[in-house]
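Just below is one structure, and these are the notes that go with it.
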Amino acid sequence: MKEKEQIKTFKLKEGNAKNYFKSLHDVLGGEYSDSSFLYHGKHTELKMSSLQIMQGLELIISQAKFGHPLIMEREPDNDSDTIHIYIVYRGNVNQNYNDQLLMLEAGSINSVFIYNGLFPTVTHFPVSSNYNSISLKLSKDVLIQLFPHSSYDLINALINNESIAYHTGLPIQMEALIDDILHYENTKFERIPMLMVKGLELFTQIMLSIKALIQNDKLHGLHQEDYKRLLEIKSYILSKLEDQLVVEDMASEFGVSISKLKRDFKTLYDTSIYQYYTHAKMDEAYRRLKSGKYSVMEVGYDLGYTSIPNFSSMFKKIKGVSPKNIIP
């Protein structure tokens, strides 16, 4: 049967892995059970499995090659006592907030996405030759049982009655653990015990990383409305590349305090507003210069610089090359 080249959407209620497998089967076909899903199409391959590491802690492994885009709409299950940790290890996906997309990409500051059962998500899986992700679903009782001396701080940060999510990068020391998990997923004899051991080790390392972020006041959650606002702010910044950007005016425009605006922007993009704005200007300058239609002076003045030497200096600092050398 010919596989249609079209965007396919599946909807599910957030919960355990078998909800995902059943919903995928309803849309794509393939084979599924309570602990696995397997689909081989003409251009798309998707293999998923789940393993109960202990009561209240589930590991989900996804390996895929997408020949057509796939959209997953997750409806909140209103369970604020369950935390979902989603790690994009290879490839990328886009999270949809108010019809604007935020990329979660392997190796980036956003590759680890943590959210509770009150947080709705719409995930776009683009055409990709290689996609791997690891997910962990855990209950509050697991934190109490495994981290009795740190559970208060972890629960206070991660579990509450608000729709909230966190973004963070994957510490480099965890990459070897995920490589091991992906390796043992494709073995037979030792698969289950090794996945349990490595999965528990990965979970422990993630919690230690979160604890360190909490202690250094670097873990800041974002609500659904925060994501929507930040994506609108990003679009606003990109529309102002030829104008002067004033943070105070932006805060007033979007109805937030200056401190919250700066903190939330840093949380999501891991950079300051002015750094992001400056880099975006230089990206646009590069695009215009590369087109061959503009001189260095025209680009510098058009992007709001009153001094061409200052523009050239900033361009070289960010791009590593003089702007005059970009013009073909």
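The values are calculated or read from the model by the stated rules, or taken from the named source; none is laboratory data. Computed from a predicted structure; not experimentally measured. Ideal geometry is used to build each Cβ from the backbone, glycine not excepted, and the neighbour counts take in all protein chains shown.
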Out of all the residues in segment 299-313, which are part of a helix (DSSP H, G or I), out of contact with any helix residue (DSSP H, G or I) (no Cβ under 7 Å at 6 or more places or on another chain) and farther than 17 Å from residue 240 by Cα?
309, 310, 313
In segment 239-246, is there at least one residue being assigned to a helix (DSSP H, G or I) and surrounded by fewer than 19 Cβ atoms within 10 Å (Cβ to Cβ)?
no
Out of (1) surrounded by fewer than 20 Cβ atoms within 10 Å (Cβ to Cβ); (2) in a loop (DSSP other than H, G, I, E, B), the odd one out for residue 170 is which?
(1)
Single residue of 266, 324, 240 found to be closer than 21 Å to residue 167 by Cβ and among the charged types (D, E, K, R)
266
Taking segment 203-238 and keeping only residues that are closer than 29 Å to residue 51 by Cα, part of a helix (DSSP H, G or I) and of a type in the set (A, V, I, L, M, F, W, C), one is left with 203, 206, 207, 208, 210, 212, 213, 214
Can you pull out every residue in segment 12-67 that is more than 15 Å from residue 134 (Cα to Cα), touching a His at 6+ places or on another chain (Cβ under 9 Å) and free of Cβ contacts under 8 Å to residues at least 60 places away in the same chain?
30, 31, 32, 39, 41, 43, 44
Let me spell it out: the conditions are (1) at pLDDT 80 or above; (2) more than 24 Å from residue 75 (Cβ to Cβ), and residue 108 meets all of them except one. Which number is the exception?
(1)
Could you please find all residues in segment 221-238 being farther than 30 Å from residue 297 by Cβ, out of contact with any His (no Cβ under 8 Å at 6 or more places or on another chain) and crowded, with 18+ Cβ neighbours inside 10 Å?
221, 224, 226, 227, 229, 230, 231, 233
Among the residues of segment 164-181, write down those that are touching a strand residue (DSSP E or B) at 6+ places or on another chain (Cβ under 6 Å) and of a type in the set (S, T, N, Q).
168
Checked segment 134-152 for anything surrounded by 16 or more Cβ atoms within 10 Å (Cβ to Cβ) and not β-branched (Val, Ile, Thr); matches are 135, 136, 137, 138, 139, 140, 143, 146, 147, 150, 151
